[in-house]
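The values are calculated or read from the model by the stated rules, or taken from the named source; none is laboratory data. Source: prediction; values computed, not measured. Surface areas here come from the heavy atoms of the whole protein model, side chains and all, with no ligands, DNA or RNA. Shrake-Rupley method; radii C 1.70, N 1.55, O 1.52, S 1.80 Å.
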Amino acid sequence: MQVDAAGQKGRHRARPVPAALILCTLFSFVGPTLVNGTTPRTTCAPDASIRDFVRAKTNEQLAKGLFVLHVYGSGANSATPSQRRANISLYGQPTPGTVVAAWKPAGIIVISRNAQDVARPQLASGNVLSALQLRRFTSDLRRADANLLVGIDQEGGRVNRLKLIVGSVSPAASVGESEEATRVAAASTASQLRANGVNVNFAPVADIVLPDTPPNGIIGDRSFGTDASVVAQRVVTTIDAFQRDGVAAVAKHWPGHGSSPIDSHKDTPVLAFERSDVAERNLRPFGAAIEAGVAAVMVGHLAVPAWDRSRRPATISKPILRRLRSAFCGVIVTDSLWMGGVRRFGSDSSIAFEAAQSGADLLLMPVNVAAAVARLTEAANRDPEFRTRLLDASLRVETLRRRFRA
């Protein structure tokens, strides 16, 4: 990146947003709280033009616009025979470009492979081969939708989707040892993402690990550490660096994956939030992220019996998501819907429906998008209250898409 005398040339930032769009009021409230005690609550005033745009959509358009899809191929119109077969199997379309044009999702997520897809767990997506390829890929996809979200899991360490472009990157546990190292690492990541057309990073990890958690556990060194205050500070620093450079940050995995050794890719972790010290410790970084203005919060497939006796994961639990919404006005996004921690609770279409009905705004990687869209559309056609829920979610998602337009 070239820099001029003022140190700004070549730097990308989010476009200015009308004050009414992101105006938020913070105040204390009584009732379900994000942590024990008083928690800031954020109320956002939506932009009138976005509200009118969303209200004009059909129920099917609203449903389609809540999904983030994964696709196979290195270009909008480039895919190997195996990748084309995968796209056709999943979406009825052969290439990333035709998938986006046909399904009109909120966005896509750049992945390496989808290990949860038993039909093709080792199939490389081809999404990231080089900087030039990725820039062309994201640019060409946006010809079908200028506001398309292009997301990625670029945490560093074990979760490094840009490895072929940036090489090895230190994990959060290492960079988190220093505030300055955290700032530099986050700024570098944001710069790389924006330069290559990626405008959403499903990071930072706001989970706190237990002192005796193995570093190779499901969270492990993906976390900034074991001290709630330090982790909260590093999370805020990362969010600020990302969003200053026009990349929407996503704090994950609410309400806290680090205190459980169970992998939610395979099963549903159960959080012991009946203990107030456990709840407060897990939630503190998320409260800090929300107060810092994080664009989105990712909800994990985590059960909290103290909040929902049904032991359903937060992703599809209205009582649990209501707690998050009471403190946060931004986009609530699910973790991947391919994961075992949620799929055992119903059919793939019912899981997508229940996530949306419970309060999720953005549904990540649906297993069967056709069935999911049909289920959401039918529900909205039948139930005006559910259409209102889709309108609310769409308003938040479209606000995000325009605020961080690449």
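Numbers below:
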{"item": "Computed Rg/Rh of the range 297-379, alpha carbon atoms with Kirkwood Rh", "result": "0.94"}
{"item": "Cα gyration tensor shape for the range 267-342, rounded if a/c is under 1.5, else prolate or oblate", "result": "oblate"}
{"item": "Residue 64 accessible area, assembled protein chains, probe 1.4 Å, Å²", "result": "40"}
{"item": "In the chain, lysine pairs with alpha-carbon atoms under 23 angstrom apart (chain gap of 8 or more, or interchain)", "result": "7"}
{"item": "Calculated SAXS-style log₁₀ I(q)/I(0) at q = 0.12, 0.13, 0.23, 0.26 Å⁻¹ - the range 194-286, Debye, Cα scatterers", "result": "-0.38, -0.45, -1.13, -1.30"}
{"item": "Listed residues 238, 226, 334, most fluctuating in the chain (Gaussian network, C-alpha, under 10 Å)", "result": "226"}
{"item": "Full-stretch length increase - residue 227, residue 178 - with 0.36 nm per residue and alpha-carbon distance subtracted", "result": "16.3 nm"}
{"item": "Fraction in percent of alpha-carbon pairs per bin - 10 Å, the chain", "result": "5, 24, 36, 27, 8, 0"}
{"item": "Rounded Å value of the spacing that divides the Cα centres of the range 263-304 and the range 384-400", "result": "24"}
{"item": "Stokes-Einstein D in µm²/s, Kirkwood radius over Cα pairs - the range 260-400 at 10 °C with 1.306 mPa s viscosity", "result": "103"}
{"item": "Listed residues 190, 393, 371, most fluctuating in the chain (Gaussian network, C-alpha, under 10 Å)", "result": "371"}
{"item": "Equivalent ellipsoid semi-axes - Cα gyration tensor, the range 283-325, angstrom", "result": "21, 10, 8"}
{"item": "In sequence order, calculated HN-Hα J values of the range 165-178 (Karplus, 6.51, -1.76, 1.60; Hz; x Gly/Pro)", "result": "9, 10, x, 6, 10, 5, x, 4, 4, 7, 5, x, 5, 9"}
{"item": "Largest-first ordering by accessible area, 1.4 Å probe, given options 52, 140, 245", "result": "52, 140, 245"}
{"item": "Cα centroid separation, the range 322-380 to the range 139-196 (Å)", "result": "26"}
